[in-house]
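Okay, so here's the structure we're looking at.
The values are calculated or read from the model by the stated rules, or taken from the named source; none is laboratory data. If you're wondering where the values come from, they're calculated on a predicted model, not measured in any experiment. Because the Cβ atoms are built from the backbone with ideal geometry, glycine has one as well, and the counts that use them run over all protein chains shown.
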Amino acid sequence: MKLSTLLILLAGLLLATTQKWSQMWDRRTISQIYRDAKAGKQRSTLYARIIAPISLTLIVIGTYLALTWR
């Protein structure tokens, strides 16, 4: 398995650990989520706020490696 694939999978698993089952099956619309984010009422923990940029960085690095390495 390539390093790029491992990085992308690791990032996805880290992001999955930040979600609660109740949030995954929440039937809120995009506009409701946008209004909550605009009002500063985001439902996120400190762990989720730390892991999100780390996971995004891992996904970007993994994608870059997948596109540039042969």
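In the set (1) over 17 Å from the mean Cα position of the chain (by Cα); (2) at pLDDT 85 or above, Lys41 fails one condition alone, (2). Just so you know, in region 29-64 the residues that are of a type in the set (Val, Ile, Thr) and assigned to a loop (DSSP other than H, G, I, E, B) include one that is nearest to Leu13 (Cα to Cα), and it is Thr45. Of the residues screened, Ser22 is one that is at pLDDT below 85 and in a helix (DSSP H, G or I).
Against the list (1) of a type outside the set (S, T, N, Q); (2) modelled with pLDDT of 90 or more; (3) not in a helix (DSSP H, G or I), the condition Ala11 fails is (3).
Looking at Arg49, is it of a type in the set (Lys, Arg) and modelled with pLDDT under 80? Considered against the rule, which asks whether it is of a type in the set (Lys, Arg) and modelled with pLDDT under 80, Arg49 comes out as no. Within region 2-22, residues that are in contact (Cβ under 8 Å) with a residue 12 or more places away in the chain have Cβ atoms under 6 Å from residues that are among the polar types (S, T, N, Q) in these pairs: Ala11/Ser55; Leu14/Ser55; Leu15/Ser55, counting only partners at least 6 apart in sequence or on another chain.
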